[in-house]
Amino acid sequence: MILATAIWGLGTVVIKSTVDEVSPAWIVGFRFLVAGIILGAVMITKMFQRLDVAHLKGGAVLGLLLFLSYETNTLGLSDTTASNSAFLTTFYVVIIPFLNWVITRVAPTKFTIIAALLCMLGLGFVAYGGSEGFSLRFGDLVTLLSAFFLSLHVIMTARISPGRSVTVLTVVQFLVAGLLGIAFGLATEPLPDFASFGADTWISLIYLAVFASCIALLLQNLGVAHTEPAQASLFLSLESVFGVLFAVLILSEMPSVVTYIGFAFIFGGIIFSEY
């Protein structure tokens, strides 16, 4: 899961050159459909051996949640700042233990609650280090909805994966999310002019499909299948840390002292959860 968050962190830098030319639903559709085709081709033998109705149903549920979380998150960015989006999306860290409580009737421990609050505090420092104040707009509310769908995706992955092939589930959910993205794009957004895309745009799309979707989400699903949902959410919160790290290394951005304080809270929360 930590490796997956590093790949996503780099993706926050890569995607900047993509969103100006490709609309949200088409990005979601392209990245997951291509990822599903690639992973399905690589794992073709296992697909034939393990694919059944249970995998199709489970993968369809996860694919729907995957599409909803990524589509709403991207849509929210059209009416909110990147800092607001980063902060509000990470509400899944707090949502997961309580949503999992509603679904499984297993109450979160005090350690999980305190660790989640530490991570939320740290992510708040990271998101708002040197930025302007907070205000709720339509985009903010949509981003909160994205955090809810992301929470459901993490919890349902943990519930559906036991007894099933994580690889097969991942392929199915990629294909479902990709087809939903393309269908939504055809219904609501203009068709992208693929012929006009430059090399940088194609490189960004390939990175999003192969690394940020195929490899990273497979790693996430493998990790979530062997980790408690609440703890998994804390590890996945490292995405914001890697995002800032790669912004420093590649874009020469200089985080404030407040941001580094946020890093300390996030790592402290993870260590506290494991303890």
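Quick notes on this structure:
- Length gained on full extension, Ala225 to Ile44, computed as 0.36 nm times the residue gap minus the Cα-Cα distance: 63.0 nm.
- For segment 128-275, accessible area per residue (1.4 Å probe, heavy atoms of protein chains only), Å²: 47
- Computed [θ] at 222 nm, helices only, for the chain once each DSSP H run of length n ≥ 4 contributes -39500 (n - 2.57): -24500 deg cm²/dmol
- Ordering of 92-103, 213-224 by packing [mean C-beta count within 10 Å, highest first]: 213-224, 92-103
- FRET E, pair Val106, Leu191, Förster distance 45 Å, beta-carbon r, rounded to 0.05: 0.45
- Surface accessible to a 1.4 Å probe, per residue, for the residues of segment 48-99, Å²: 44
- Of all accessible heavy-atom area on the chain, the percent that carbon and sulfur account for (1.4 Å): 73
The values are calculated or read from the model by the stated rules, or taken from the named source; none is laboratory data. Quick caveat, the model's predicted, so the values are computed rather than measured. Cβ sites come from the backbone with ideal geometry, for glycine too, and all protein chains shown count toward neighbours. Quick note on the areas: whole protein, heavy atoms, side chains included, nothing else; ligands and nucleic acids left out. Shrake-Rupley method; radii C 1.70, N 1.55, O 1.52, S 1.80 Å.
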